[in-house]
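The values are calculated or read from the model by the stated rules, or taken from the named source; none is laboratory data. Being a predicted model, the structure only gives us computed values, none of them experimental. Positions of Cβ are backbone-derived with ideal geometry, glycine not excepted, and every protein chain shown enters the neighbour counts.
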């Protein structure tokens, strides 16, 4: 049954979630939903090693892409599209446009983050369920996304690192646009900002190329530090720039770029990228991001769901993906791991419970909290 009208939509909560997808499908781009769903599935799968054990022994070992990197590029594409339209529609991108952009972004991202941060703090500080983190590593920096702005952090709410990268990107890019717009055309303003945010982090990584790290410290000091990783998101903005200003080229080359993007991602995952060499430290992230960017013309061209029920499931996962990202790791560490001290016979059960718990909790957060909070941005 199709549900129409705002009043009907307000009555839909978790138990009618799948029906509600029919209302919003016309406003969604299915290809981008597929992209986002694949990204979150890859992220969640990366956190399931504790449960998987040997249950998938019959499958070949394949180095999967990093879902967080895909999220970064997709986020840049969506944010870049918004900023380009705002820039083109306004006489001069100024304080009013900046505050409007921040308001809409922060109503979308901050409520979920602070909710999970507070819940996680309570669970860790009270040790209600095991010992999922080190409370001594908590500080006020988590409230301002500065826990990994210029240095590493560890021991508490580890998955928040990528949120810091995104939030600082939301702050830095629009401010750069305002600055460049003072003396550049609209088209060149964004291009200048893109160039700076591509080159600056890459050059900073190049400056660190002689530093010696093991795998763990490389992950902390390079992969998860904001000032080192801002260029990952900007490739999505570059994609939005090309889609807007060179739309014919964007559409005509979508099959070529799609195949080239897949080949690039597979290549960088299979080609060794040792972290003690310049390629692994400096250019690996860049090439992967370019590969992810090349998938976007095809993804953005697939407007409608051609897969029926399976497509609706994909869209549903996409819709709750932000909540899934925030909760899946501590679901794994706190709830399932605590109640399922895994033996081989329990691995399938633990694995199934983990996914069910992640989806159920994420759905409740989305319908009962995230969506109502997001709607407030149209009120204030």
Residue pairs, Cβ under 6 Å, 6 or more apart or interchain, first in region 236-254 and under 18 Å from residue 71 (Cα atoms), second surrounded by fewer than 20 Cβ atoms within 10 Å (Cβ to Cβ). List them. 240/81
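Within region 144-165, identify whether any single residue is free of Cβ contacts under 8 Å to residues at least 12 places away in the same chain and surrounded by fewer than 17 Cβ atoms within 10 Å (Cβ to Cβ), and answer yes or no. Lay out the reasoning, then the answer.
Initial filter on region 144-165 (free of Cβ contacts under 8 Å to residues at least 12 places away in the same chain): 144.
Now narrow it down to the ones that are surrounded by fewer than 17 Cβ atoms within 10 Å (Cβ to Cβ): 144.
Yes.
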Count of region 340-352 residues which are surrounded by fewer than 18 Cβ atoms within 10 Å (Cβ to Cβ) and modelled with pLDDT of 75 or more: 3
Provide a single number: the residues in region 198-216 that are touching a residue at least 40 places away in the same chain (Cβ under 8 Å) and not in a loop (DSSP other than H, G, I, E, B). 5
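Would you mind finding the one in 374, 358 that is closer than 29 Å to residue 133 by Cβ, in contact with a helix residue (DSSP H, G or I) (Cβ under 9 Å, 6 or more places away or on another chain) and surrounded by 19 or more Cβ atoms within 10 Å (Cβ to Cβ)? Lay out the reasoning, then the answer.
Working: 374 fails: surrounded by 19 or more Cβ atoms within 10 Å (Cβ to Cβ).
Exactly one residue qualifies, and that residue is 358.
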Name every residue in region 217-247 that is more than 20 Å from the chain's Cα centre (by Cα) and not in a helix (DSSP H, G or I), in order of residue number. 246
